[in-house]
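For reference, the structure discussed in these notes is given below.
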Amino acid sequence: MFKKIFGGKKDKGKSKDGTNIYTYENTGSGNLSNVAEMMYIEEITAHFDKVFPGRVSNVFHEIISDIVHIDVHFMEPTDEEPFRVIYTTGMSDLPMTLPSELEKEWGHLKRAELMMFLPESWPIDSEVFEDERYYWPIRLLKQLARFPHMYNTWLGYGHTIPNSEEYIPYAENTELNGVILSSLKEEISSINTKDGNLINIYSIIPLYKEEMDYKLENGMDALFEKLSEVEGSGHWIDSSRKNVCK
């Protein structure tokens with residue numbers, strides 16, 4: 001079961017910062033024989049090549065797809081920016097399901113892709129990815145990208161998603177057990193497609209349970225102020241970073 005902020009299946013009330021809390025139950029698998037067409041992959045990759053120039057890129061292709069075909073793209077570090085950029089394609093091939101009260105005014109939020117930063121030292125190859133200690137960020141991106149299409153909901157700025165109701169850590173070498181969706185500056189976080197749609201790019205920041213609870217109590221700005229106290233917090237994956245709200 002997944003629990004997140006905004007949109008959803010079962011209303012669990014409001015948190016102290018005023019956002020709605022919802023719980024999701026497994027609704028079964030999708031249709032493996034009816035996967036959405038990959039519509040925007042060329043436009044998305046061209047966008048990332050433009051906003052993160054001069055990087056060598058590779059793709060971790062999805063072999064078996066359900067509902068949407070999610071690939072994860074890796075952009076290698078540069079001397080000026082010594083971190084890896086990873087992002088999804090395929091999530092935006094289908095529109096997400098917004099709550100009816102948001103449909104008219106906020107319809108431009110229907111399509112999205114996800115990204116995050118990995119440190120230069122993070123190992124990247126198919127053999128290493130057999131170890132969950134290194135694969136979990138990729139698995140996380142793929143799961144989140146498929147999530148709104150599996151549960152007829154949506155993901156957007158400020159949403160938090162724990163890793164199950166029990167806040168299970170993502171791997172044995174980390175206590176990180178949830179995420180918050182943020183965004184970078186506008187020229188990175190939005191793509192105007194040739195067919196007139198908008199794709200929103202959300203940056204994924206892994207969190208601890210206490211940090212997610214703090215956000216629900218005090219709001220997103222207060223959480224980011226806390227994260228800013230620790231150098232590098234939230235900007236790229238650090239499996240053992242300090243818990244700023246413990």
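The values are calculated or read from the model by the stated rules, or taken from the named source; none is laboratory data. Not measured: the values here are computed from a predicted model. Counting neighbours? That spans all protein chains shown, and the Cβs are built from the backbone with ideal geometry, glycine included. Keep in mind that these areas ignore ligands, DNA and RNA; they rest on the heavy atoms of the full protein, side chains included. Shrake-Rupley method; radii C 1.70, N 1.55, O 1.52, S 1.80 Å.
Residue-by-condition table, conditions (1) closer than 25 Å to His69 by Cβ; (2) surrounded by fewer than 16 Cβ atoms within 10 Å (Cβ to Cβ); (3) not basic (Lys, Arg):
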| residue | (1), (2), (3) |
| --- | --- |
| Met150 | yes, no, yes |
| Thr153 | yes, no, yes |
| His159 | yes, no, yes |
| Pro169 | no, no, yes |
| Glu186 | no, yes, yes |
| Ile199 | yes, no, yes |
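Which of the residues spanning the range 92-109 are assigned to a loop (DSSP other than H, G, I, E, B), in contact (Cβ under 8 Å) with a residue 40 or more places away in the chain and open to solvent by 60 Å² or more (accessible area, probe 1.4 Å)?
Thr97
Taking the stated definitions as given, is Tyr157 within 27 Å of Glu210 (Cβ to Cβ), in contact with a helix residue (DSSP H, G or I) (Cβ under 9 Å, 6 or more places away or on another chain) and in a helix (DSSP H, G or I)?
no
What are the pairs, 6+ residues apart or on separate chains, where a residue within the range 46-60 that is open to solvent by less than 60 Å² (accessible area, probe 1.4 Å) has its Cβ under 6 Å from a residue that is of a type in the set (A, V, I, L, M, F, W, C) and not in a loop (DSSP other than H, G, I, E, B)?
So the pair list comes out as His47/Ile191; Val51/Ile188; Phe52/Met75; Phe52/Val85; Arg55/Met75; Ser57/Met75; Phe60/Val72.
Rundown of residues vs (1) surrounded by 19 or more Cβ atoms within 10 Å (Cβ to Cβ); (2) within 18 Å of the chain's Cα centre (by Cα), yes/no style:
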residue: Ser190; (1), (2): no, yes
residue: Glu210; (1), (2): no, no
residue: Tyr214; (1), (2): yes, no
residue: Ala222; (1), (2): no, no
residue: Glu225; (1), (2): no, no
residue: Lys246; (1), (2): no, no
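Looking at the range 110-130, which of the residues that are at pLDDT 95 or above and open to solvent by 30 Å² or more (accessible area, probe 1.4 Å) is farthest from Asn152 (Cα to Cα)?
Taking the candidates together, the pick is Arg111.
Is there any pair linking a residue in the range 173-187 that is over 14 Å from Leu140 (Cα atoms) to one that is β-branched (Val, Ile, Thr) and surrounded by 14 or more Cβ atoms within 10 Å (Cβ to Cβ), with Cβ under 6 Å and at least six apart or on different chains, and which?
From residues that are over 14 Å from Leu140 (Cα atoms), the pairs are Ser182/Ile205.
Give Tyr170, Tyr151 a once-over and let me know the one that is under 17 Å from the mean Cα position of the chain (by Cα) and under 17 Å from Trp236 (Cβ atoms).
The unique qualifying residue is Tyr170.
Within the range 70-91, how many residues are modelled with pLDDT under 95 and crowded, with 17+ Cβ neighbours inside 10 Å?
Summing the residues that are modelled with pLDDT under 95 and crowded, with 17+ Cβ neighbours inside 10 Å in the range 70-91 gives 1.
Please identify the pairs in which a residue from the range 210-230 that is under 19 Å from Ile161 (Cβ atoms) has its Cβ atom under 9 Å from the Cβ atom of a residue that is part of a helix (DSSP H, G or I) and among the small types (Gly, Ala, Ser), counting only partners at least 6 apart or on another chain.
Within 9 Å, the pairs are Tyr214/Ala222; Lys215/Ala222.
Go through (1) in a strand (DSSP E or B); (2) modelled with pLDDT under 95; (3) not β-branched (Val, Ile, Thr) and name the single condition Asn200 misses.
Of the numbered conditions (1) in a strand (DSSP E or B); (2) modelled with pLDDT under 95; (3) not β-branched (Val, Ile, Thr), the odd one out for Asn200 is (2).
Which members of the range 171-184 meet the condition of being open to solvent by 10 Å² or more (accessible area, probe 1.4 Å), in contact with a helix residue (DSSP H, G or I) (Cβ under 7 Å, 6 or more places away or on another chain) and within 18 Å of Val244 (Cβ to Cβ)?
Asn177
Exactly one condition in (1) surrounded by 19 or more Cβ atoms within 10 Å (Cβ to Cβ); (2) in contact with a Ser or Thr (Cβ under 6 Å, 6 or more places away or on another chain); (3) modelled with pLDDT under 95 is false for Ser233; which is it?
Of (1) surrounded by 19 or more Cβ atoms within 10 Å (Cβ to Cβ); (2) in contact with a Ser or Thr (Cβ under 6 Å, 6 or more places away or on another chain); (3) modelled with pLDDT under 95, only one is false for Ser233: (2).
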